[in-house]
Amino acid sequence: ATILYQDQFIDRKQAKVDIEDRGYQFGDGIYEAMMVYSGRIFLLEPHLKRLERSARELSLTLPYSIDHLADNIKKLIELNQLEDGVVYFQITRGAAPRQHFFPEHTPPVITGTVSSKVRDLSKRPKGIKAVLAEDIRWLRCDIKTLNLLGNVLAKQKAHNVNAGEAILHRGETVTEGSSSNVFIVKAGELVTHPADHRILNGITRLFVFDLAKRLDIPVSEREFSLKELLHADEVFITSTSNEVKPVLQIDDQRINGGEPGALSKKLIAAFDAEVE
Ligand code: PDD
């Protein structure tokens, strides 16, 4: 496979990462994962905007313009003849002798990879099971950084019991999934945690706001409790790779009798119509 390394396209086997890369030693870097549908990157602009914001929040100076980075990501997809799948793109603060503070005059290290994943609706599961996990992450979850150990531990907790996602909570307040945003439906309204420093402001989350507006479904960005989650009419998660996915069971509690709810199905149909 061809990968993107800095400004070049090379074979994956030729790629080398320095053992003192700060991404490797400190998780000091940022990333984006984007879907490719029929050879085109879905929601590319908002992903790039978020990448720019993540860089700014970490004082990481991008070595190329966003337009140039976008051109390289598109070229990577062409060179791999990717029709449907995921493109993963990351930038670290580069390689320098190990010290916590930022190195000077060290170029960031850019890598990009693609993986193909056919979007087969006939094989799409109706929904997933989830587990609850305490949100032990830091308080800048709004930045899409490579520091994902809190997310990884939560996802493993789900994986250990064959669940698809861990739903995180800080005390009584539900924040988001280990790699997704969480929505509940209550009395015909969508409710999801506000986009503050406790969650990643998902691009799919924002896209669902657009779909909901078109479908005349009200959306409320407010904190909601574990109790509201477990007694919700419907629960679904959103993320780049999961799109809109109903949550049918949380720990031992079934949601909506273990079936996808009406508004979840409406949103999924609207999503599909945008992608087809
Ligand atoms: N994860 N919250 C967290 C913690 C995430 O890691 C993600 C995405 C989301 C949803 O964001 P978006 O809709 O922009 O994908 C929310 C990506 C897919 C990942 O880690 O691979």
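The values are calculated or read from the model by the stated rules, or taken from the named source; none is laboratory data. The shown structure was predicted, so the numbers you read here are calculated from the model rather than taken from an experiment. Heads up, the Cβs are rebuilt from the backbone with ideal geometry, glycines too, and the neighbour counts pull from every protein chain shown.
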* In the stretch 219-255, the residues that are polar (S, T, N, Q), out of contact with any Lys or Arg (no Cβ under 6 Å at 6 or more places or on another chain) and more than 16 Å from the ligand (Cβ to nearest atom) -> SER220, SER225, GLN253
* Structure fact -> Going through (1) assigned to a strand (DSSP E or B); (2) in contact with a helix residue (DSSP H, G or I) (Cβ under 6 Å, 6 or more places away or on another chain); (3) surrounded by fewer than 17 Cβ atoms within 10 Å (Cβ to Cβ) one by one, SER115 fails only at (2)
* Residue count, the stretch 1-40 (criterion: within 13 Å of the ligand (Cβ to nearest atom) and within 30 Å of ALA273 (Cβ to Cβ)) -> 5
* Selected residue (criterion: farthest from TYR37 (Cα to Cα)) from residues of the stretch 234-276 that are touching a helix residue (DSSP H, G or I) at 6+ places or on another chain (Cβ under 9 Å) and basic (Lys, Arg) -> LYS266
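Tally up the residues in the stretch 135-148 that are farther than 15 Å from GLU57 by Cα and either within 12 Å of the ligand (Cβ to nearest atom) or surrounded by 13 or more Cβ atoms within 10 Å (Cβ to Cβ) (or both), please. It would help to see each step written out before you state the result.
Narrowing the stretch 135-148 to residues farther than 15 Å from GLU57 by Cα: 135-137, 148.
Checking the rest, the ones that are also either within 12 Å of the ligand (Cβ to nearest atom) or surrounded by 13 or more Cβ atoms within 10 Å (Cβ to Cβ) (or both) come to 135, 137, 148.
Here the count works out to 3.
Take residues that are surrounded by 13 or more Cβ atoms within 10 Å (Cβ to Cβ) and not aliphatic (A, V, I, L, M) and tell me which of the strands (runs of 3 or more DSSP E) falling wholly in the stretch 1-101 contain 2 or more.
Details: elements: 2-5, 8-11, 29-37, 85-92.
The qualifying strands (runs of 3 or more DSSP E) are 2-5, 29-37, 85-92.
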* Asked: Pairs, please: C-beta under 7 Å, at least 6 apart or cross-chain, first residue not assigned by TED's automatic domain parsing to the domain that holds SER179 and in the stretch 218-241, second hydrophobic (A, V, I, L, M, F, W, C)?
  -> none
* Asked: Among all residue pairs at least 6 apart or on different chains, which show Cβ distances below 7 Å where the first residue, located in the stretch 200-217, is assigned by TED's automatic domain parsing to the domain that holds ARG137 and the second is in a helix (DSSP H, G or I) and basic (Lys, Arg)?
  -> ILE203/ARG50; LEU215/LYS266
* Looking only at the stretch 173-201, and only at residues there that are more than 10 Å from the ligand (Cβ to nearest atom) and within 15 Å of the chain's Cα centre (by Cα), the one that is surrounded by the most Cβ atoms within 10 Å (Cβ to Cβ) -> PHE183
* To do: Give the residues of the stretch 76-104 that are away from the ligand (no atom under 16 Å from the Cβ) and at positive phi, sorted by residue number.
  => GLN81, GLY94
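Kindly indicate which of ILE199, ILE203 is among the β-branched types (Val, Ile, Thr) and touching a strand residue (DSSP E or B) at 6+ places or on another chain (Cβ under 6 Å). Spell out how you get there, then give the answer.
Working: ILE203 fails: touching a strand residue (DSSP E or B) at 6+ places or on another chain (Cβ under 6 Å).
Exactly one of ILE199, ILE203 is among the β-branched types (Val, Ile, Thr) and touching a strand residue (DSSP E or B) at 6+ places or on another chain (Cβ under 6 Å), namely ILE199.
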* Asked: Looking at (1) in contact with a Lys or Arg (Cβ under 6 Å, 6 or more places away or on another chain); (2) loosely packed, with under 15 Cβ neighbours inside 10 Å, which is the one condition that is false for GLY258?
  -> (1)
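Could you look through the stretch 231-248, keep only residues that are more than 16 Å from the chain's Cα centre (by Cα) and buried (at least 17 other Cβ atoms within 10 Å of the Cβ), and pick out the one that is farthest from ASP272 (Cα to Cα)?
As a first pass, look at the stretch 231-248 and keep what is more than 16 Å from the chain's Cα centre (by Cα): 231-235, 246-248.
Next, from what is left, pick out any that are buried (at least 17 other Cβ atoms within 10 Å of the Cβ): 232, 234-235, 246-248.
Working: ALA232: 24, GLU234: 19, VAL235: 19, PRO246: 15, VAL247: 18, LEU248: 20 Å.
So the residue we want is ALA232.
When you go through LEU62, LEU51 one by one, which is the residue that is within 21 Å of LEU206 (Cβ to Cβ) and outside the structural domain of PHE209 (by TED's automatic domain parsing)? Steps first, answer last, please.
Numbers: LEU62 fails: within 21 Å of LEU206 (Cβ to Cβ).
The unique qualifying residue is LEU51.
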